[in-house]
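Here is the structure we will look at, set down as structure tokens.
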Amino acid sequence: MTTTLESVDLVADILRLKKERNAVILAHNYQIKAIQDVADYVGDSLGLSYQAKETNADVIAFCGVHFMAETAKIVNPEKIVVLPDKDAGCSLEESCPGPELEAFLEKHRDKNYYVVAYINCSGHVKALSDVICTSGNAVRIVEHVPADRNILFVPDANLGAWVMEQTGRPMDLWQGACYVHVEFTRDSILKIKEEFPEAPVVAHPECTFAVRLLADEVCSTEKMVQYCRSHPAQSFVIVTESGMLHRLRRELPHKTFIPGPTDRCACADCRFMKMNTLEKLHRCLDTLQPRLEMPAALRQRAEIPLLRMLEWSR
Ligand code: 13P
Ligand code: SF4
């Protein structure tokens, strides 16, 4: 979005509404530039969960996807949680419907699974789980699981496989995937490496094994900032959703960030993350709609594994 008089007015009005409502604006690293720039906090799923839990604001305007806003409501139910677009979903969440997981656990009762759920899932799935993880703490969380338990990791098979590689802990993996990260291929990354041989490749663990093998570092979006800050290189290839490039360029303006390409595009956009606009953010602060609501019993059940995650990742 280019800066026009209209967008300046919109930003000014968002800031006015934010003050009037005593709201905090939380934004994921994949949000568009204009939203990242107006947010109080921009970060990964883990950082956003802590922010949502610890805020003193009355209203949380959550700019991300639905499961992220839902997580904010689960950990801080007294707050009004609004989101710019309630239809902003996630392919990982879709790949593991609650009733399917429930039926699977019933069918495999003999396994007495310890369910570790990646935070990219519905409240229903969280409520069926023992502990939640994000890409930023998944290794640590799995290391905490009692050694005598069989682990079922849902819903991302790629993240799960990476965690198995890191921990040596066998797990049964739900076969879900992020439609954005599986678009990066061995060929597309080999090509960009050839073009920029000096640039370390930094990839998200939702990428496939073939892509992770080519990466110098595999980590969550927040850890990408830390890695690029402390690494002496001047240029980096960033293999994740395109919004991350804005966050990195803002934090580290003297370094160069090259988008990881797919076979079809020069960079990868998540169509769900990109459903949020400045106009929709303005509207949700103005009307306090759409608002996150959850049945109390479901919320309480989903809170247990989320609080366990926050405790284990301190
Ligand atoms: P992070 O937790 O690394 O921000 O990832 C969230 C996500 O949706 C990745 O696709
Ligand atoms: Fe979900 Fe993938 Fe979009 Fe992240 S990038 S929100 S995992 S669809």
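The values are calculated or read from the model by the stated rules, or taken from the named source; none is laboratory data. As the structure is a prediction and not an experimental result, all values here were calculated from the model. Ideal geometry is used to build each Cβ from the backbone, glycine not excepted, and the neighbour counts take in all protein chains shown.
Taking segment 10-107 and the strands (runs of 3 or more DSSP E) fully enclosed by it, the elements with 1 or more residues that are within 14 Å of ligand 1 (Cβ to nearest atom) are at 23-28, 41-43, 59-63.
Selection of segment 105-138 for residues being among the hydrophobic types (A, V, I, L, M, F, W, C) and surrounded by fewer than 18 Cβ atoms within 10 Å (Cβ to Cβ) yields only Leu105. For Asn56, indicate whether it is at positive phi and loosely packed, with under 15 Cβ neighbours inside 10 Å. Against the criterion (at positive phi and loosely packed, with under 15 Cβ neighbours inside 10 Å), Asn56 does not qualify.
Candidates in segment 5-54 are the residues that are among the polar types (S, T, N, Q) and touching a helix residue (DSSP H, G or I) at 6+ places or on another chain (Cβ under 9 Å); of these, the one that is modelled with the lowest pLDDT is Ser7. Taken as a whole, the condition of being within 11 Å of ligand 1 (Cβ to nearest atom) and in a helix (DSSP H, G or I) applies to Asn158.
Quick grid of which residues meet (1) under 23 Å from Val180 (Cα atoms); (2) in contact with a helix residue (DSSP H, G or I) (Cβ under 7 Å, 6 or more places away or on another chain); (3) more than 16 Å from ligand 2 (Cβ to nearest atom):
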position	(1), (2), (3)
Phe67	yes, yes, no
Thr71	yes, yes, no
Asp87	yes, yes, no
Pro99	no, no, yes
Phe104	no, no, yes
Ser129	no, yes, yes
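Of everything in segment 164-217, what is among the basic types (Lys, Arg) and either at pLDDT below 95 or within 16 Å of ligand 1 (Cβ to nearest atom) (or both)? Give them in sequence order. Residue satisfying the conditions is Arg212 alone.
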